[in-house]
Each structure stands twice: as C-alpha cells, then as structure tokens.
Amino acid sequence: MRPGQSIELLKELHILTRDGKLNQDSRRKLKQVYHLYNFIEPLLEEVVSARGDVTLVDHGAGKSYLGFILYDLFLKGREDAQSGGGHIYGIETRDELVAKSRELAARLGFARMSFLNLSVEDSIESPELPEHIDVVTALHACNTATDDAIRFALHKRARFIVLVPCCQAEVAAALRRHKNESFAKTPLSEIWRHPIHTREFGSQLTNVLRCLLLESHGYQLTVTELVGWEHSMKNELIIARATDQPRGNAQQRLAQILAELNLEELRGRFAY
C-alpha cells in the first residue's frame with residue numbers, strides 16, 4: 001500500500017478485509033489501480049502546476065475504485081490549497097452504485113467528490129458539471145461505454161483522456177453481419193473468418209479506430225500495457241494528450257478502413 005493511503009477506504013472498497021488482509025483477487029485489483037495511478041498522477045500534477053487545481057471525470061465509474069484512490073492519494077492532502085485543489089466527478093447510470101459512492105465519500109470526508117447518475121447525453125449538457133474538464137478517465141468501461149467517454153471528453157475539450165477499454169462487441173458483431181459480403185470483397189476477410197478471430201480482431205480494430213478518431217481531433221497518443229498480461233487480458237492503456245495539431249490523414253485513414261472492412265455503418269460512431 002502507498003504511504004498515506006486510507007486503510008478505512010481500502011476496507012470500504014473491499015480491497016482489504018475487515019482485519020486488514022489482502023486476498024489474491026484484491027491484490028490484483030489494487031495493483032491495476034496503482035499502476036493506472038502511476039500514469040495519471042503526472043498528468044494531474046501538470047494541470048495543477050499550470051492552473052492551480054484540476055477537474056477529473058471518471059466515466060462509467062461503477063463502484064468508483066479509481067476515483068476514490070485518486071482522491072485519497074492525490075487530492076486529499078490539498079484541501080487547504082487556496083484554489084481548492086480540484087474536484088473528481090464519477091458518472092454512473094446505476095442508482096445503487098451512485099448512492100453508495102455518495103454515502104462513502106460523505107463518511108470519509110471526501111468533500112470534493114461528486115457522483116452523478118447521468119447518461120452520456122445528459123452528462124454532456126448537465127449544469128452539474130463544468131463546461132471544461134481537465135482529465136477524463138474510463139477504466140474497464142464495457143463495449144461502447146469507452147466510446148461514450150471519448151465523446152464526452154471531446155465535447156468537454158479535455159486536456160487528457162485515459163482509457164482502459166474492456167469487452168468490445170459492436171465492431172465484431174458488424175464484422176459477423178457482413179461476413180459473406182466481405183468474403184467477396186476482400187481477402188482481408190480471412191482475418192475474421194473464424195469466430196474467435198472475429199472477436200479478437202474486432203476488439204483490436206475497435207481501439208485502432210478510437211485512436212484514429214482521437215488523432216483526428218488533435219490528440220497525441222501513447223498506447224501501452226497497463227499491467228502484465230498475467231493479471232488481466234483487458235490490458236490496453238490509451239493516454240491521449242490534447243494538442244492543436246490534428247493528424248492530417250487520420251479521418252481519411254479511418255474512412256478507408258471502414259470501407260475496406262465493410263463497416264461503413266459504424267461511421268457515425270468513429271468518424272465525427
């Protein structure tokens with residue numbers, strides 16, 4: 001555990017047992033969150049150094065493991081800063097998880113955490129959120145939830161976007177729907193002829209399209225592993241930094257891929 005880490009918080013998140021022990025599953029979960037924190041901390045420091053505070057939104061927050069750990073390790077010691085130090089927002093559509101997170105934040109005295117029960121569309125327009133957000137995160141946001149987080153981040157002109165995508169079925173489903181037409185169109189269809197390859201190629205392709213979308217909006221990307229593959233198969237980490245220089249051919253490349261692979265029905269999700 002990190003110096004200064006709240007033992008009570010780790011128990012409330014069921015990472016530690018009531019007697020302060022770690023089981024193997026909790027150890028893996030904590031290792032993943034700490035690894036992600038190592039990537040996010042310097043981004044938060046960069047924003048705070050430039051502006052004095054930082055706003056972060058965790059999209060598809062679930063039980064808000066990430067938000068609570070970020071607050072505990074980064075914001076908790078900054079309550080006395082003149083600027084207030086910052087604020088973390090968790091966005092989640094499940095009522096019971098929002099209620100539990102609010103109750104836990106109140107009990108721990110984490111005053112600069114807010115939990116909102118909002119859809120993506122509502123979160124983009126909600127007056128409960130600032131017009132501009134510095135950092136948007138999405139940890140293991142399933143299927144299209146990662147794309148929803150990207151859409152939110154682009155609308156809020158986020159300086160940094162940190163994504164750990166999870167299961168991704170939409171592109172694989174589209175590949176399956178058009179498999180026969182693709183066989184006649186391109187020999188590349190052999191890449192997804194078998195169901196297991198359809199699933200894995202669909203997952204890989206989804207993240208490639210996401211990266212091109214972000215680059216077309218002026219983000220510089222780092223794509224790497226979060227932790228070793230022995231800990232999680234959903235392991236890709238995408239960190240996007242806003243610049244004022246969109247990649248010139250990103251939209252063209254994206255459109256060409258969708259056309260080549262018979263996926264033009266997905267243009268609205270990945271090309272805007």
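Here are the numbers for this structure:
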quantity	calculated
Counted residues, segment 93-107 - those being open to solvent by less than 100 Å² (accessible area, probe 1.4 Å) and not in a helix (DSSP H, G or I)	1
All positions within segment 108-126 that are open to solvent by 60 Å² or more (accessible area, probe 1.4 Å) and without any contact (Cβ under 8 Å) to a residue 24 or more places away in the chain	Glu121, Asp122, Glu125
Among residues of segment 88-104, those that are more than 17 Å from His14 (Cα to Cα) and polar (S, T, N, Q), counted	1
Search result, residues across segment 5-22 that are open to solvent by less than 80 Å² (accessible area, probe 1.4 Å) and either over 21 Å from Leu56 (Cα atoms) or in a helix (DSSP H, G or I) (or both)	Ile7, Leu9, Leu10, Lys11, Glu12, Ile15, Leu16, Thr17, Gly20, Leu22
Number of positions in segment 26-72 that are in a helix (DSSP H, G or I), over 19 Å from Ile91 (Cβ atoms) and open to solvent by 20 Å² or more (accessible area, probe 1.4 Å)	17
Selection status of Asp147, part of a helix (DSSP H, G or I) and within 11 Å of the chain's Cα centre (by Cα)	yes
Hits in segment 155-171 (condition: closer than 16 Å to Leu129 by Cα and within 13 Å of the chain's Cα centre (by Cα))	Ala158
Sole residue being under 28 Å from Leu10 (Cα atoms) and among the charged types (D, E, K, R), chosen from Arg107, Arg157	Arg107
Verdict on Leu129 being open to solvent by 10 Å² or more (accessible area, probe 1.4 Å), closer than 27 Å to Thr206 by Cβ and not hydroxyl-bearing (Ser, Thr, Tyr)	yes
Boolean, His140 is touching a residue at least 24 places away in the same chain (Cβ under 8 Å), open to solvent by 20 Å² or more (accessible area, probe 1.4 Å) and on the phi > 0 side of the Ramachandran plot	yes
Pair list, Cβ under 6 Å, 6 or more apart: segment 43-62 residue of a type in the set (D, E, K, R), other residue assigned to a loop (DSSP other than H, G, I, E, B)	Asp53/Ser83; Asp53/Gly84; Asp53/Gly85; Asp53/Gly86
Exclusive hit being over 24 Å from Ile238 (Cα atoms) and out of contact with any Phe, Trp or Tyr (no Cβ under 9 Å at 6 or more places or on another chain), set His35, His14	His14
Number of the condition not met by Ala158 [criteria: (1) under 18 Å from Thr93 (Cβ atoms); (2) at pLDDT 95 or above]	(1)
From the options Thr17, Thr93, residue that is of a type in the set (S, T, N, Q) and in contact with a strand residue (DSSP E or B) (Cβ under 8 Å, 6 or more places away or on another chain)	Thr93
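The values are calculated or read from the model by the stated rules, or taken from the named source; none is laboratory data. Treat the numbers as computed from the prediction; the structure is a model and nothing was measured. Heads up, the Cβs are rebuilt from the backbone with ideal geometry, glycines too, and the neighbour counts pull from every protein chain shown. These accessible areas exclude ligands, DNA and RNA; they are computed on the full protein's heavy atoms, side chains included. Shrake-Rupley method; radii C 1.70, N 1.55, O 1.52, S 1.80 Å.
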